[in-house]
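Read through the structure below, which is laid out as structure tokens, and then see the notes.
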Amino acid sequence: MNIRVKYLFSGIVQGVGFRPFIYRLAIENSLTGFVQNRSDGVVVEVQGKPEAIKKFDSRIKKELPPLANVVNISKKEIPIVDEKSFQIISSHKDKQASVHITPDYATCNDCLKELFDPKDRRYRYPFINCTNCGPRLTIIKDIPYDRINTSMSKFPLCPECRKEYEDPSNRRFHAEPNACPVCGPKLSLLNENGDQISCPDPIESTIDLLKKENILAIKGLGGFHLAVDATNTDAVKRLRSRKFREAKPFAIMVKNIEHASKIAELMPEEKELLLSAERPIVLVKKKLKTVISDAIAPGMANLGIMLPYTPLHHLLLEKFDALVMTSANQTDEPICIDNNEAVRRLQGIADFFLVHNRDILVRCDDSIAIVAEKKPRIVRRSRSFSPKPVILKDSYPNILALGGQLKNTICILKENCAFLSPYIGDMETPQARDFLHESISLMERITECKPDLIVCDLHPGYYTTQVAQKMAGENVIQVQHHHAHIVSCMAENNISGDVIGLSMDGTGYGEDGAVWGGEFLIANETSFTRAGHIKYFLLPGGEAAIHEPWRIAASLLQDIYGPDWKDIAKKLKLVPDKANLSLLDTVMEKKINSPYTSSLGRVFDAVSAILGLRSKVSFEGQAAMELEAFFTGKTDLSMPFSILEENNQYVLDLCPMIKDIVERRLRGESLEALASGFHISLVQAFMAMVEKIRKKTGLNGIALSGGCFQNRALLQKSISKMKASGFEVFSHHLVPTNDGGIALGQAVCAGARTSKK
Ligand code: ZN
Ligand code: ZN
Ligand code: FE
């Protein structure tokens, strides 16, 4: 007796070879029926012997195509019908959707083999792809994900490509971006004015130009890169001066994993991450002497490297050990995607442009990840990760969270899925603000979600707060910055209820109007209380202090030494020559434009200045990163701190630690010892705080979040010490610990608040 079973699969099940996979399984088990893409998932009906269906069923999960991500399977037995075969039925669009759009993935090994096979019809064709690899999100106009709804719609398939596309047994069956040299996109080379240069092979010419120290703008998967030869210091320096980018490290693309191992000390987990289909930039420890120019990451112990992820990259990197591949934009503006836009916006930076005619429709910067405690952690979640949802344990109403101000991403919550947008960046320029609006409409479109609730930060001055208020009026939900950080960490770890939340951060608007950033919270998804914080200190001149960390150091020295601070500052050579110290004294005394802060990020800045590493910063986090670079871990220095109790809150005073650092520095102790001692003592201070909070509340779970935990030394030491003391510790893996993760926390917080009403 035959039976018939109907399945509905949702999640990432389209454009990843799911239908041919089901087709093959059905045929192999002699089942009849059909498979069909719908906008709410993939529907499968199979009919045959119960044992055969059982076999079919058990193989689905075991043999899933590599890029598929099934979130839900519903299945029920239905009446049998009269049919003879198994078929793939064409897509059909209906209203309700829960099909997830796939991110873009790196060129797979099967495609690479063809790329370098002289006998293959796609030999050296830079747009080779299949159902397991290639562009997805970045070429999408609308859903469902069919060729007609992508920027490939303008390339009619040639007969050979069509045959592959329509053959269920072919690995290019319904590979929407399928193309070949006959029918697909083509490269061209442009001069600095955007005029096409006639050349037989734009790739050969590009390689030639790069060898001659030129700066090339190269159109990639989610946007343009600016490229120079990474082994050529003159070329790297030219790029720096043209981009007005003094010191911020450039990411490099390295030929292959063997070369990467020559440039950096790679742990097995880092190798795995570099080689993953997501191909993020991985921040790794650079080796001392390498072929790579020192101008790429001056003063840093880490280097951001990635491996080629498009066929074009593979062809270019054949001739180089490594290329600088940095997002093509003017400082603080979003990455360029359109050919004309690139020529216009990169005028004066790029010497030549290597472009193609497959339009990029969605901006997607390279993602960045680190490995800490042997686990990958995403610190910028964009290409190849977005818009893959973070799966939550609870379901919520439709919510749009707009995030914060810096390193921003937005989040759409729909049922139990949190969809984070590609990286948007700092909301400071008109271009970035346009990009925010672009991202809102993109995310609403691809998730088919009209939000019922709009969430933003508490900061009245953030652009995202203003947008949210315009969208939702009085109904806007606001979530405190550091609470959002902690809820973000809880959400991705699928935990709920009260935890001790350590939000160690740069800047966030506090409920008392101060700049928070060294917070010990007792938090759950809906609310928090402040159990403790780092003792407030003055941020003299506000923003000015953030750009010139010596001012923060001055403020802390003044707290410690009173009026004598200037003598100490002089001995430390802390103050730049032209600085007007009596003016600074007045600013501090009268608190002119000088907020109080509890920010740990700013303490790092101050320590970095005291150690003479940096009195001015040219990018956010620079001082802290340079300080981390001196961490060796080889120390048993334990520096003092104190904890006071005020208004039922524990106040962590780090001034004794700063004082100790000053005195040791003046005695000539090494940077390595002091930087290591500072990290380790800070973790001891965290421990003292969390022990007090545990004693008071009985809470044993700790969530770590905030930008400071991008510091691997701080993160690893915190986790290991806390675990050793019996705490259960949660940290970020899937979403950034920095402000790129707060939209998730905002969304879940708003969802939890409304569900609990
Ligand atoms: Zn492929
Ligand atoms: Zn073709
Ligand atoms: Fe933050």
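The values are calculated or read from the model by the stated rules, or taken from the named source; none is laboratory data. Computed from a predicted structure; not experimentally measured. Ideal geometry is used to build each Cβ from the backbone, glycine not excepted, and the neighbour counts take in all protein chains shown. Calculation scope for accessible area: heavy atoms of the full protein, side chains included, ligands and nucleic acids excluded. Shrake-Rupley method; radii C 1.70, N 1.55, O 1.52, S 1.80 Å.
Residue count for region 1-23 under the criterion of being over 36 Å from the mean Cα position of the chain (by Cα) and surrounded by fewer than 20 Cβ atoms within 10 Å (Cβ to Cβ): the result is 5. Here are some conditions: (1) under 23 Å from Ala179 (Cβ atoms); (2) at pLDDT 95 or above. Asp338 meets all but one. Which one does it not meet? The failed condition is (2). Residues of region 135-166 that are open to solvent by 10 Å² or more (accessible area, probe 1.4 Å) and either of a type in the set (Lys, Arg) or not in a loop (DSSP other than H, G, I, E, B) (or both): Lys141, Arg147, Ile148, Asn149, Lys154, Pro159, Glu160, Arg162, Lys163, Glu164, Tyr165, Glu166. What about Asn178, is it polar (S, T, N, Q), at pLDDT below 95 and more than 16 Å from ligand 3 (Cβ to nearest atom)? Criteria not met by Asn178.
Being farther than 30 Å from Leu157 by Cα and either modelled with pLDDT under 95 or part of a loop (DSSP other than H, G, I, E, B) (or both): is that true of Ile378 here? So Ile378 does not fit the description; no.
Of the residues in region 114-134, none is closer than 23 Å to Ser421 by Cα and away from ligand 1 (no atom under 13 Å from the Cβ). I'd like the full set of residues that are open to solvent by less than 40 Å² (accessible area, probe 1.4 Å), more than 30 Å from Asn69 (Cβ to Cβ) and free of Cβ contacts under 8 Å to residues at least 60 places away in the same chain, limited to region 274-305. Answer for region 274-305, where residues must be open to solvent by less than 40 Å² (accessible area, probe 1.4 Å), more than 30 Å from Asn69 (Cβ to Cβ) and free of Cβ contacts under 8 Å to residues at least 60 places away in the same chain: Ala297, Leu303.
For region 703-726, name all the residues that are more than 16 Å from ligand 3 (Cβ to nearest atom) and either open to solvent by 20 Å² or more (accessible area, probe 1.4 Å) or not assigned by TED's automatic domain parsing to the domain that holds Ala685 (or both). Within region 703-726, Arg712, Gln716, Lys717, Ser720, Lys721, Lys723, Ala724, Ser725, Gly726 qualify. Just to verify a result, which residue in region 122-134, among those that are among the polar types (S, T, N, Q) and more than 14 Å from ligand 2 (Cβ to nearest atom), is surrounded by the fewest Cβ atoms within 10 Å (Cβ to Cβ)? For region 122-134, the residue satisfying everything is Asn132.
For every residue, the table says whether it meets (1) without any contact (Cβ under 8 Å) to a residue 12 or more places away in the chain; (2) surrounded by 16 or more Cβ atoms within 10 Å (Cβ to Cβ); (3) touching a His at 6+ places or on another chain (Cβ under 9 Å).
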residue: Ser169; (1), (2), (3): no, no, no
residue: Cys199; (1), (2), (3): yes, no, no
residue: Pro249; (1), (2), (3): no, yes, no
residue: Met253; (1), (2), (3): no, yes, yes
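Which is within 16 Å of ligand 2 (Cβ to nearest atom) and open to solvent by 40 Å² or more (accessible area, probe 1.4 Å), of Pro185, Pro181? Exactly one residue qualifies, and that residue is Pro181.
Thr754 versus (1) in contact with a Leu (Cβ under 7 Å, 6 or more places away or on another chain); (2) closer than 29 Å to Ala609 by Cα; (3) away from ligand 3 (no atom under 16 Å from the Cβ): which is the lone unmet condition? Unmet for Thr754, out of (1) in contact with a Leu (Cβ under 7 Å, 6 or more places away or on another chain); (2) closer than 29 Å to Ala609 by Cα; (3) away from ligand 3 (no atom under 16 Å from the Cβ): (2). Does region 344-361 contain at least one residue that is within 16 Å of the chain's Cα centre (by Cα) and assigned to a strand (DSSP E or B)? Looking through region 344-361, none of the residues is within 16 Å of the chain's Cα centre (by Cα) and assigned to a strand (DSSP E or B). Looking across region 484-525, just one residue is closer than 17 Å to Gly403 by Cα, polar (S, T, N, Q) and open to solvent by 20 Å² or more (accessible area, probe 1.4 Å), and that is Thr507. The set of residues in region 648-666 being part of a strand (DSSP E or B) and open to solvent by 40 Å² or more (accessible area, probe 1.4 Å) consists of Gln649 alone.
Table: residues versus (1) farther than 20 Å from Gln405 by Cβ; (2) in contact (Cβ under 8 Å) with a residue 40 or more places away in the chain; (3) surrounded by 15 or more Cβ atoms within 10 Å (Cβ to Cβ); (4) among the aromatic types (Phe, Trp, Tyr).
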site: Pro540; (1), (2), (3), (4): yes, yes, yes, no
site: Asp564; (1), (2), (3), (4): yes, no, no, no
site: Ile568; (1), (2), (3), (4): yes, yes, yes, no
site: Pro576; (1), (2), (3), (4): yes, yes, no, no
site: Glu626; (1), (2), (3), (4): yes, yes, yes, no
site: Ala629; (1), (2), (3), (4): yes, yes, yes, no
site: Ser638; (1), (2), (3), (4): yes, yes, no, no
site: Glu646; (1), (2), (3), (4): yes, no, no, no
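What strands (runs of 3 or more DSSP E), lying completely within region 455-533, carry at least 3 residues that are β-branched (Val, Ile, Thr)? If you could, list the steps in order and put the result at the bottom.
Numbers: elements: 477-479, 499-509, 515-523.
Here the list reads 499-509.
Residues that are open to solvent by less than 90 Å² (accessible area, probe 1.4 Å), in contact with a strand residue (DSSP E or B) (Cβ under 8 Å, 6 or more places away or on another chain) and within 13 Å of Phe9 (Cβ to Cβ) within region 61-89 comprise Leu64, Ala68, Asn69, Val70, Val71, Asn72, Ile73, Ser74, listed in sequence order. Taking region 578-615 as the range and being among the aromatic types (Phe, Trp, Tyr) and over 17 Å from Cys708 (Cβ atoms) as the test, only Tyr596 passes.
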